[in-house]
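**Q** One structure, pasted below without further comment.
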């Protein structure tokens, strides 16, 4: 099987690594890729936001896997699918589950899926009114794509109002103001062919830039899997109450969702409640989840792309995985770029996945905000943490930084799910 992965980040590097371990994958390319993907696949030049260009490049491949959300929302999967090539990734219309927060709320309401009550606002006055009828903490989200940074959660109503005004100042922009959901968050990926839903290992990412969840939101500073604090049966409940109803509703609307449905959920006292949906593998959770996958990824994704997922199961390696992001100086603002990256001797069970990197004068330099993902596998979460940070210590990047607490609260047993209310 010849497989083409579309994208250029650490998620695509993780996908390429997993696909390279599948014996059925005889040829592997990543477009446009990065210096890391070049180590396991052929990098091919393409503008991933150009549906026609990607479709032309895909000719001759047996499966195309679209990694990032922006190309999916732009209709890249549609263009490839129109050429009769199997695609793992939703159509432009189905990708609105991530591309529009208000669309996602509408789908959830129709499907009876639990989520925070929300108001979609197109003016500052509407946003201020929506905020002032709610108690703190205040949650404001840009309605469209924002690379994980279009959300503000704050105790300060003035800051929330200012953020809403900033988002609304963009032409045609809207914001979603919603109730705050208490309880630890879970990222649950599900592979789907539009009918069958196949959940993967649950993970938790760390969105804030600083230790102890301080500072602004980012695209994700690290992740770990599995979740020792999650209850037995929670994944089944999320699949039954959230993921399957959404897939069924999308199919009922004539926009079947084929690809990776990512549910970001809060485990509240009323049960799992949706914070957001994404239409693709999450970054950095993918790096850890795929590190533990023991099934042939290419075969599974092809079954999803061709509507043959029913009866498929996933096998997982024992142990745990931790991913720590090494970010460039000043991220998530305007990150420093062009700084030399040096990698020392990595411990066994540790991979360095490339995101914001490029080759220059025979060496590796930074070229983005989240530069590298250091991903480990260990027999326990504690061992995986130790290995990941030993790997981080082998990365030299001027001004580069990482959070020091990825997975730490889980190791210490400090994460608990609120007791289920008796009316649930």
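Values in this text are rule-based calculations from the coordinates and carry no lab data. What you are looking at is a predicted structure, and each value in this text was computed from that prediction instead of being measured. Here the Cβ positions follow ideal geometry from the backbone for every residue, glycine too, while neighbour counts run over all protein chains shown.
**Q** Could you compute how fast region 242-307 diffuses translationally, taking Rh as the Kirkwood radius over C-alpha pairs and applying Stokes-Einstein at 4 °C with viscosity 1.567 mPa s? Give it in µm² per second.
**A** It diffuses with D of about 95 µm²/s by this estimate.
**Q** Quick check: pseudo-label points 7 Å beyond the Cα along Cα→Cβ at residue 412 and residue 252, how many nm apart are they?
**A** According to this spin-label approximation, the distance is 4.5 nm.
**Q** Further question: When a/c is below 1.5 the answer is rounded, else prolate if a/b is larger than b/c, else oblate, so apply that to region 62-109 with a ≥ b ≥ c taken from the square roots of the Cα gyration tensor eigenvalues.
**A** Because a/c hits 1.5 or more and a/b exceeds b/c, region 62-109 counts as prolate.
**Q** May I pose another question? Can you sort 406, 417, 341 from fewest to most other Cβ atoms within 10 Å of each residue's own Cβ?
**A** Going from least to most buried by this count: 417, 341, 406.
**Q** Take the Cα pairs of the chain, get the Kirkwood Rh, then feed it into Stokes-Einstein at 25 °C and 0.890 mPa s and tell me D in µm²/s.
**A** Rounded to a whole number, D works out at 113 µm²/s.
**Q** Ok, one more. Could you tell me which of rounded, prolate or oblate describes region 137-255, using a ≥ b ≥ c as the square roots of the eigenvalues of the alpha-carbon gyration tensor, with rounded for a/c under 1.5 and, failing that, prolate when a/b is larger than b/c and oblate otherwise?
**A** Here region 137-255 falls in the oblate category.
**Q** For a test of the definition: using alpha carbon positions, the gyration tensor, and the 1.5 limit on a/c, classify region 119-178 as rounded, prolate or oblate.
**A** oblate
**Q** What would the Debye formula give as log10 I(q)/I(0) at q = 0.10, 0.20 Å⁻¹ for the alpha-carbon point model of region 206-345, no solvent?
**A** Listed by q, the Debye log ratios stand at -0.46, -1.46.
**Q** A further question on this structure: For a quick check, take a GNM of the chain with Cα springs below 10 Å and name the residue from 347, 256, 68 with the largest mean-square fluctuation.
**A** Evaluated over the chain, the most mobile residue of the options is 347.
**Q** For the chain, modelled as a Gaussian network with Cα springs under 10 Å, which listed residue fluctuates most, 153, 197, 176?
**A** Evaluated over the chain, the most mobile residue of the options is 153.
**Q** Follow-up. How large are Rg and Dmax for region 280-396 when only the alpha carbon atoms are used, in Å?
**A** 16.6, 50
**Q** Going by how many other Cβ atoms sit within 10 Å of their own, how do 152, 290 line up, fewest first?
**A** Going from least to most buried by this count: 152, 290.
**Q** Counting pairs of alpha carbon atoms under 8 Å apart in space and at least six apart in sequence, what relative contact order in percent does region 283-379 give?
**A** Relative contact order here is 34 percent.
**Q** List 180, 281 from most exposed to least, where exposure is judged by having the fewest other Cβ atoms within 10 Å.
**A** 180, 281
**Q** Then there is this: Bin all alpha-carbon pair distances of region 75-173 at 5 Å intervals from 0 and give each bin's fraction as a whole percent.
**A** 2, 12, 19, 19, 17, 12, 8, 5, 3, 2, 0
**Q** Could you work out the relative contact order of the chain? I mean the mean sequence separation of Cα pairs under 8 Å and 6+ apart, divided by the number of residues, in percent.
**A** For the chain, the relative contact order is 16 percent.
**Q** Run the numbers on region 119-178 and let me know its relative contact order in percent, using alpha-carbon pairs under 8 Å that are six or more apart.
**A** Once divided by the residue count of region 119-178, the mean separation gives 48 percent.
**Q** Could you sort the peptides 224-232, 295-303, 124-132 by per-residue average Cβ neighbour count (10 Å cutoff), highest mean leading?
**A** So the order, starting with the most tightly packed, is 295-303, 224-232, 124-132.
**Q** If you average 1/r over all unlike Cα pairs in region 2-88 and invert the result, what Kirkwood radius do you get in angstrom?
**A** Kirkwood radius, region 2-88: 12.4 Å.
**Q** What Kirkwood hydrodynamic radius, in Å, does region 29-140 give when the mean of 1/r is taken over all pairs of distinct Cα atoms and then inverted?
**A** Across region 29-140, the inverse of the average 1/r is 16.7 Å.
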